[in-house]
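Here's the structure, in structure tokens; my notes come after.
The values are calculated or read from the model by the stated rules, or taken from the named source; none is laboratory data. Note that the structure is predicted; figures quoted are calculated from it, not measured. Every residue, glycine as well, gets a Cβ built from its backbone with ideal geometry; the counts of neighbours run over all protein chains shown. Accessible surface is based on the protein model in full, side chains and every heavy atom, while ligands, DNA and RNA are left aside. Shrake-Rupley method; radii C 1.70, N 1.55, O 1.52, S 1.80 Å.
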Amino acid sequence: MAQEVRGVIAPGKDEPVRIETIVVPDPGPGEAVVRIQACGVCHTDLHYKQGGINDDFPFLLGHEAAGVVESVGDDVTDVAPGDFVVLNWRAVCGTCRACRRGRPWYCFDTHNAKQRMTLTDGTELSPALGIGAFAEKTLVAAGQCTKVDPAVSPQVAGLLGCGVMAGIGAAINTGNVGRGDSVAVIGCGGVGDAAIAGSRLAGAARIIAVDIDDRKLETARSMGATHTVNSRTADPVEAIRELTGGFGADVVIEAVGRPETYEQAFYARDLAGTVVLVGVPTPEMKLELPLLDVFGRGGSLKSSWYGDCLPSRDFPMLIDLHQQGRLDLGAFVTETIGLDEVEKAFERMHHGDVLRSVVVL
Ligand code: APR
Ligand code: ZN
Ligand code: ZN
């Protein structure tokens with residue numbers, strides 16, 4: 001039996017979000033219905049609302065979520081009703097070329113749920129990133145559910161569904177940060193701070209945080225930054241070189257997504273170092289670099305997709321570390337809010353006032 005629940009939709013380009021009644025169908029083969037307990041508010045939700053992703057309005061927003069599986073389709077064996085799960089937006093197929101080569105984070109045949117949720121008048125909804133979790137319940141592909149320790153609070157577990165995983169993964173998976181490394185993180189929002197926490201976890205000796213906002217640099221310190229640079233008042237490339245014996249950092253993580261910070265990241269790394277790009281640029285942005293620098297500086301330039309994570313491996317591991325007190329995921333939750341406060345949360349995000357607002361249901 002299809003059920004009716006409350007959910008937050010973005011009705012049209014730049015229109016305020018609102019709560020509507022959502023019709024959630026029974027799970028079909030390979031699907032699960034999940035009762036959402038918590039869902040973080042992410043920039044991507046705002047981009048959907050602004051029409052920056054595509055025009056498939058109305059969107060059912062929310063994609064950084066944890067909850068309890070309520071029902072599953074016939075052939076689902078990996079998760080069962082009652083399981084506590086974190087949702088992810090890239091359920092890898094396991095059989096494409098990337099998956100077979102052992103790099104499932106590049107899977108190009110991800111199996112997210114087909115879009116079958118509607119408004120009560122039958123209007124089809126587009127769930128954000130194939131999830132749509134600013135809702136009491138949502139329909140997803142069973143492969144988007146990863147079971148984790150039910151002792152952890154949903155508001156913390158849900159963070160792994162997007163930004164925090166992207167940042168930690170940028171450091172530990174893509175950047176391969178190792179014991180004793182020097183790391184510079186440019187842009188200390190939720191993603192950059194997670195990259196800092198991930199670098200600390202990996203044993204980095206020196207972690208240099210760069211931002212244009214002193215408030216962000218203060219938080220970065222509490223996440224594990226050993227040095228901070230305000231790039232409004234100091235040249236970040238020079239400062240990073242100075243702090244790394246003149247060489248540049250072993251790993252530079254860019255978590256802004258702008259040409260000038262991409263360029264800073266490129267020049268702030270050690271000759272043999274690695275640049276990890278996790279900040280997402282817009283289509284019109286361009287970077288011009290002298291080819292001799294591209295050729296001559298060696299090292300590597302890598303982009304990080306959702307922290308190159310493997311949910312089944314990384315979610316339970318990070319929750320273990322959190323439960324043991326070795327990674328403070330709770331530090332990313334600035335405030336918990338209700339479904340009716342998403343619009344306000346977007347405003348606070350826009351002003352840089354929060355790391356994460358988390359909707360708790
Ligand atoms: N130099 C340094 N820091 C900057 C600059 C700049 N030129 N411009 C902005 N920043 C800082 C902001 O002050 C803020 O602290 O970058 C940070 C960006 O943080 P958020 O806006 O909170 O964004 P976040 O959620 O962390 O995501 C960052 O990663 O995954 C991507 O799509 C995401 O592109 C986005 C990026
Ligand atoms: Zn695949
Ligand atoms: Zn997100």
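Observations on the structure shown:
- Checked across the stretch 107-117, the condition of being within 16 Å of ligand 3 (Cβ to nearest atom), over 29 Å from S199 (Cα atoms) and not β-branched (V, I, T) holds for at least one residue.
- Any hit, the stretch 92-111, residues being in contact with a strand residue (DSSP E or B) (Cβ under 7 Å, 6 or more places away or on another chain), modelled with pLDDT under 95 and under 15 Å from P29 (Cβ atoms): yes
- Hits in the stretch 90-115 (condition: in contact with a Ser or Thr (Cβ under 8 Å, 6 or more places away or on another chain) and surrounded by 15 or more Cβ atoms within 10 Å (Cβ to Cβ)): R90, A91, V92, C93, Q115
- Residue within the stretch 53-60 that is within 22 Å of the chain's Cα centre (by Cα) and either under 19 Å from V86 (Cα atoms) or open to solvent by less than 20 Å² (accessible area, probe 1.4 Å) (or both) present: yes
- Applying a threshold of 9 Å to beta carbon distances and a minimum spacing of six or more residues, or different chains, the list of pairs starting in the stretch 37-54 at a residue that is within 20 Å of G192 (Cα to Cα) and ending at one that is of a type in the set (S, T, Y) and surrounded by 15 or more Cβ atoms within 10 Å (Cβ to Cβ) reads G40/S357; V41/S357.
- Residue satisfying condition, being at positive phi, open to solvent by less than 80 Å² (accessible area, probe 1.4 Å) and in a loop (DSSP other than H, G, I, E, B), within set G307, G279, G257: G257
- Every residue from the stretch 142-162 that is over 15 Å from V360 (Cβ atoms) and in contact with a strand residue (DSSP E or B) (Cβ under 6 Å, 6 or more places away or on another chain): A142, Q144, C145, T146, K147, V148, P150, L160, C162
- G167 fulfils the conditions (1) more than 16 Å from ligand 3 (Cβ to nearest atom); (2) in a helix (DSSP H, G or I) except for a single criterion, (1).
- Residue check, D213 farther than 25 Å from L87 by Cα and touching a residue at least 12 places away in the same chain (Cβ under 8 Å): yes
- Residue identified as in contact with an Asp or Glu (Cβ under 7 Å, 6 or more places away or on another chain), more than 27 Å from T123 (Cβ to Cβ), away from ligand 2 (no atom under 16 Å from the Cβ) and of a type outside the set (D, E) among P16, P29, P81: P81
- Taking the listed residues A133, A142, A66, the one that is touching a residue at least 60 places away in the same chain (Cβ under 8 Å), over 14 Å from Q37 (Cα atoms) and either within 16 Å of ligand 2 (Cβ to nearest atom) or buried (at least 24 other Cβ atoms within 10 Å of the Cβ) (or both) is A142, with no other qualifying.
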